Amino acid sequence: MAKDWLTHPWIERWLPDHLRPVEDHIFTEAHGLDIVMEIESALDRLIEHAERVKHAQQFKKNGKTFRFRLKVNRKRMKMLAYETPSSEAAIKKRIVIDYLRKGIDANKRKNRLKDATVQYLKNGQTYIRSIKHSSHFQTVFYKLEILDDALFGRAISATPPSSTPAKKTESKDGEHPFSLVHSLENKLTMEWQTLDDMLTNRLTELLEEMKRVEPVYHYFDIEERYMIKRMLQQDIPSLIETYLSLSKNHQQERFEKVYEALVHMEVTIKKLRHESERVKVEKMDQLLKLTEKRYSQDALKDK
């Protein structure tokens, strides 16, 4: 409670730039949400492989539109994430989070978030704002806590507290989001029944492809799983519902683009499914080689 006064609107004008809370709209538009989810995805991957992480190490993730850096040592974790010039985001963001680690005693430190800011350029002016109290980053901070615990081998839970606002991005059915396919099919026959037949058919094909990919879902890495969840939870519903909210004239103007977007989603899912088949074949070949090596007649003679 001691620092709650910093969040009061009347005091904001007197705060230095790095303590002023970020404006919500910076992270509510599509590209703003994307960078938050990219950060969460990168942290999820580190949490999953925490047993391989050394006490002092640097991690990088380099994408065409997104960069991620995390330096870890015994005392702190410092994260840098930013959008590249290739990103289509109108407001390019640079995020810095400095987290003081708990150490061996999990309760040793309080207020471990030493720094959490975003820097961005808007209307030709550079801004630095605090994201400590932003609802969009509470899950990120929680995942840093999880990673800290995982690095020390403490029991962890990947589920944020129920009070965490950003939990709304998580799938209701946990690791497998495919119950949402049925929900979207229901929308097609109810809320989305005014869609043009071509779009309805295209969307039906996409959902059918989603069903085909469910049995091989566990072969995907964490980023691919995240992409499927995002597609089902956000991308498809937002695309269709926004399209339906347009006037008839505007719908006609954007029909082809919407159709192409659905096609691109379907092609992406097909590629993932075909890649999973290749991975399964490789695994089968590896198992056959291992079995042959272990149980061939020559191997048994040597024993």
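Brief remarks on what is shown
- Gain on full extension, evaluated as 0.36 nm per residue between R69 and Q57 minus their Cα-Cα distance, stands at 3.3 nm.
- Segments 203-216, 248-261 sorted - mean Cβ within 10 Å per residue, highest first: 203-216, 248-261
- Peptides 127-136, 181-190, 278-287 ranked from most to least packed by the mean count of surrounding Cβ atoms within 10 Å: 127-136, 181-190, 278-287.
- Packing, as the average of other Cβ atoms within 10 Å across residues, places the peptides 92-102, 62-72 in the order 92-102, 62-72, highest first.
- Each label was represented as a point 7 Å from its Cα along the Cα-to-Cβ direction; for Y259 and R212 these points are 2.1 nm apart.
- If R0 is taken as 45 Å, the Cβ-Cβ distance between E223 and S247 corresponds to a FRET efficiency of 0.75.
- Label-point separation, E191 to V279 (7 Å along Cα→Cβ), nm: 3.1
- Computed Kirkwood radius, in angstrom, where 1/r is averaged over Cα pairs of region 225-284: 13.3
- Note on region 24-97: semi-axes of the ellipsoid equivalent to its C-alpha gyration tensor, largest first and rounded to whole Å, are 25, 11, 11.
FYI, it's all coordinate maths here, none of it is from the lab. Values in this document were obtained by computation on a predicted structure and should not be read as measured data. As a convention, Cβ positions derive from the backbone with ideal geometry for all residues, glycine included, and neighbour counts pool all protein chains shown.
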